[in-house]
Amino acid sequence: MNRKYISFVAIIAMLAFLASSCSIFGNKEEEAVGENDPSVIVSQESNEVNDLEADPGLIDADPNQPDLTERESNGISFDLEREDAEIKRVKTNPEKFVGRWTATSDQALYLYGNIDLIINSNGSWAADITEEKLGGSWKEADDHIHLDDTSELNFDFDLAFDQSGDLVMTETNPEGVINTVLTKVN
């Protein structure tokens, strides 16, 4: 029984590796488009062809810029940030939200670069998210607080405490919902 299970897992792993490393599911036409032209990037996931020469800033970009290089993993992750995570909000006294907060997980660093947030007891807030200065007012709503951004970006979001005690920032956008766990800065 144990031997069959190990064989089954090995076969599944091998098939997953082949599917991810080979273009067995790719479109032959897409592969031919950028095959001999290094200035063309072909994305098989979105069937999108991007010509690097159309954006000269990308060709001359400094490869040492943080937004163009992959960040090293810090090994921090939260189950509440998974796509299928169920946030179980608990009604919390608004004073518990007051203070300085930051995001430290790999997912937050990948999606935003940085999240540094200050919640003031007078109903105002300020933040530096993705190197953008944001701010505005917040108001209590049922089991969370809603933050309205008055900057040009209109980056509105909710903050709620999960039953685990973690503070979760929830951004809702056309692509879906993004949950990010914030930790208090002392």
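Remarks
- Scanning the range 130-151 for residues that are polar (S, T, N, Q), open to solvent by 70 Å² or more (accessible area, probe 1.4 Å), assigned to a loop (DSSP other than H, G, I, E, B) and touching a helix residue (DSSP H, G or I) at 6+ places or on another chain (Cβ under 8 Å) turns up nothing.
- Complete set of residues in the range 98-150 that are more than 20 Å from the chain's Cα centre (by Cα) and of a type in the set (Phe, Trp, Tyr): 125, 138
- Inside the range 84-115, residues that are more than 16 Å from residue 146 (Cβ to Cβ), open to solvent by 60 Å² or more (accessible area, probe 1.4 Å) and touching a residue at least 60 places away in the same chain (Cβ under 8 Å) make up a count of 4.
- Meets criteria (farther than 18 Å from residue 179 by Cα, in contact with a Leu (Cβ under 9 Å, 6 or more places away or on another chain), outside any helix (DSSP H, G or I) and not small (Gly, Ala, Ser)) for residue 122: no
- Single match in 95, 70, 53, 83 (criterion: in a helix (DSSP H, G or I) and modelled with pLDDT under 90): 53
- Total residues in the range 157-186 satisfying the condition of being surrounded by 15 or more Cβ atoms within 10 Å (Cβ to Cβ) and more than 22 Å from residue 82 (Cβ to Cβ): the figure is 0.
- Test: residue in the range 165-172 that is more than 14 Å from the chain's Cα centre (by Cα) and in a strand (DSSP E or B): yes
The values are calculated or read from the model by the stated rules, or taken from the named source; none is laboratory data. Worth saying up front: this structure is predicted, and the values here are computed from it rather than measured. Don't worry about glycine lacking a Cβ; one is built from the backbone with ideal geometry, like all the others, and counts go over all protein chains shown. For accessibility, only protein heavy atoms count, side chains too; no ligands or nucleic acids. Shrake-Rupley method; radii C 1.70, N 1.55, O 1.52, S 1.80 Å.
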